[in-house]
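The values are calculated or read from the model by the stated rules, or taken from the named source; none is laboratory data. No experiment lies behind these values; they were computed from the predicted model shown. Neighbour counts are summed over all protein chains in view; Cβ atoms, including those assigned to glycine, are modelled from backbone coordinates with ideal geometry. Calculation scope for accessible area: heavy atoms of the full protein, side chains included, ligands and nucleic acids excluded. Shrake-Rupley method; radii C 1.70, N 1.55, O 1.52, S 1.80 Å.
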Amino acid sequence: MRSDIVPGAVFPDYELPDHTAKRRKLSELQGQHPMILVLSRGGYCPKDRRQAEGLVQLHRELEVGYCRLVTISTDNITETNEYRSGVGAHWPFLSDAGRRIQKDLDIAEYTDPLHNPMIPYTIVLEPGLVIYKIYMGYWFFGRPTLEELRQDLRVVLRKCRLDWDITTPELKTAWQEERKELFYPYGKTYAQTLGEQD
């Protein structure tokens, strides 16, 4: 992994086609929310499929917790769509068949010249694509468990949600004073936040 991709740094705002061939930027997919980014070998890899199957369960929690999930693989659009459908996923899968990210981040999995995938990483991002934690998953058990991701998101959400603890006297006063910008959705309408979702 490139030496500047570390916790506290801003992850590059890549733009790639999703499983429907629509070009998507990571920042647009993230919006104002924490996000889990999975850099995947692709649908051919049983380890990646198993991780994605586990993330299907977590994704239901991410939706109600106002967090995002994105998978990027070196699969082409057809394979990306098959990978997503095959595991029953409902979050965006992006295709990097040209291996732009693999080259830019220096994460070519040189032990597999046949598939030429990227080394799998799972990256937990704070709003603004700020890196909170990086997991390297060349071996399956190097990847985060669902519980580790829950714990990471708890820390990130405490940092980025102004109204994490609504029991404080300051927040109670702010609510009574109609200072709603301190409460989710932070100056947006719920309709606007729904428009940011897929």
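Once segment 147-164 is narrowed to residues that are open to solvent by less than 70 Å² (accessible area, probe 1.4 Å) and of a type outside the set (K, R), the residue that is nearest to Q57 (Cα to Cα) is L149.
Taking the criterion of being open to solvent by less than 30 Å² (accessible area, probe 1.4 Å) and either outside any helix (DSSP H, G or I) or not polar (S, T, N, Q) (or both), the residues of segment 41-64 that qualify are R41, G42, G43, C45, D48, A52, G54, L55, L58, H59, L62.
Exactly one residue among V38, V87 is open to solvent by less than 10 Å² (accessible area, probe 1.4 Å) and either modelled with pLDDT under 95 or of a type in the set (A, V, I, L, M, F, W, C) (or both), and that residue is V38.
Taken over segment 1-35, residues that are touching a Cys at 6+ places or on another chain (Cβ under 7 Å) and either open to solvent by 20 Å² or more (accessible area, probe 1.4 Å) or part of a loop (DSSP other than H, G, I, E, B) (or both) amount to 2.
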